[in-house]
Amino acid sequence: MKKLIALIVGVLVVVSALAAGIGTGGSGVGGFPASPRFTGVTVTGTSTLGVMNASGASRVGGIDPFNAQFTVRLDGASAREFGIYNNSSAYAETLAYWQTETAPGTGWNFLTLRAAGGSEQVGIRGDGRIAANSLGFFTAASQIVPGATSISLRNNANNADNLLITDAGLVTVRNTVASTKACATGFTRVMPNYCRSTTLLTFAWADATACTARATGLGLPADAKLVNLQIQWRALSNNAIGLRTNNILFYSDAGCTVLANLSSFSAREQVAVVAGTTLGEVYTDHLVPLAATDTLRTVQANAGGNGNADVTNANVNGYYD
């Protein structure tokens, strides 16, 4: 008889003070065959539905989980709930739980998904907000796809963009960006990608006209990209009137073919001065790319000395990573 009823019932309507309980058995559930199903269940007033139990590959009331041909409507002026439980039928073992708002516009319709033991894993509110302790992705190369214009991380009051990323990839940050990445010994981080020296860090410099690799020996890390370099120039007399000059070309590659920066100093010997006398001295600052870990590549116009300018000191004031 139950099988016959299931074949002809399309929608089950439960009215006030009427309870419908569906047991187990038969080829489906509650004696119902597996293929016929309810197309809808309407609950009004204080009516209740009994527990629907399923085991094995059986369908609840003939529900086809792949075609989703079953709906539950929750009516009433006060809150209404609908839950899916495991076989303990206890709230602590709720797998999924829906609840409606007490009045239109209160915005707390929500869906709650729980793990075994009742701990809430994720909740979706009626206003679209998601409540979760953490949000994880199982795919190794996961993606978050935004709307056509942008995606933002808002503050809790929902009145400001803490982080805004446009569809074109432009990023706007509301406040200061900080980094906790450690710097090399003798440096401290003062900006997200800049480490400043905490003491005077000088390395040896021998004037050379050929393409020269200059290791600072200061332990700059492999991910250091640019060095804040300070050069101390000195021009020496040659006991004759003339211009005493020199320059350094900085390169970003080992073969000294990609020019990245330059430094130059000139001083004029107005009257003949005893050779080797300092005519002038100056410091110049440069952002110089590293051609290799802790290594600069340079070419100089001359080797300095009497009648020319040369480098007396080179200091690393910081680096960008």
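The values are calculated or read from the model by the stated rules, or taken from the named source; none is laboratory data. Since the structure is predicted, the reported quantities are computational estimates derived from the model, not experimental observations. Glycine also receives a Cβ, built like all others from the backbone with ideal geometry; neighbour counts cover every protein chain displayed.
Going by what's in this entry, would Ser264 be described as of a type in the set (S, T, N, Q), over 37 Å from the mean Cα position of the chain (by Cα) and under 15 Å from Leu287 (Cα atoms)? Judged against the criteria, Ser264 is a match.
Looking at Gly186, Gly169, just one residue is within 15 Å of the chain's Cα centre (by Cα), without any contact (Cβ under 8 Å) to a residue 60 or more places away in the chain, at positive phi and outside the structural domain of Ile231 (by TED's automatic domain parsing), and that residue is Gly169. Within segment 146-184, the set of residues being at pLDDT 90 or above and β-branched (Val, Ile, Thr) comprises Thr149, Ile151, Ile165, Thr166, Val171, Thr172, Val173, Thr180.
Taking the criterion of being closer than 20 Å to Gln230 by Cα, β-branched (Val, Ile, Thr) and not in a loop (DSSP other than H, G, I, E, B), the residues of segment 162-204 that qualify are Thr188, Val190, Thr202.
Only one of the listed residues (Leu249, Leu236, Leu229) is assigned by TED's automatic domain parsing to the domain that holds Leu287 and touching a Cys at 6+ places or on another chain (Cβ under 9 Å). That residue is Leu249. Every test in (1) at pLDDT 95 or above; (2) closer than 20 Å to Phe187 by Cα is passed by Asn313 save one, and that test is (1). Which of (1) at pLDDT 95 or above; (2) in contact with a Pro (Cβ under 8 Å, 6 or more places away or on another chain); (3) of a type outside the set (A, V, I, L, M, F, W, C) does Arg196 not meet, given it meets every other one? (2) is the only condition that Arg196 fails.
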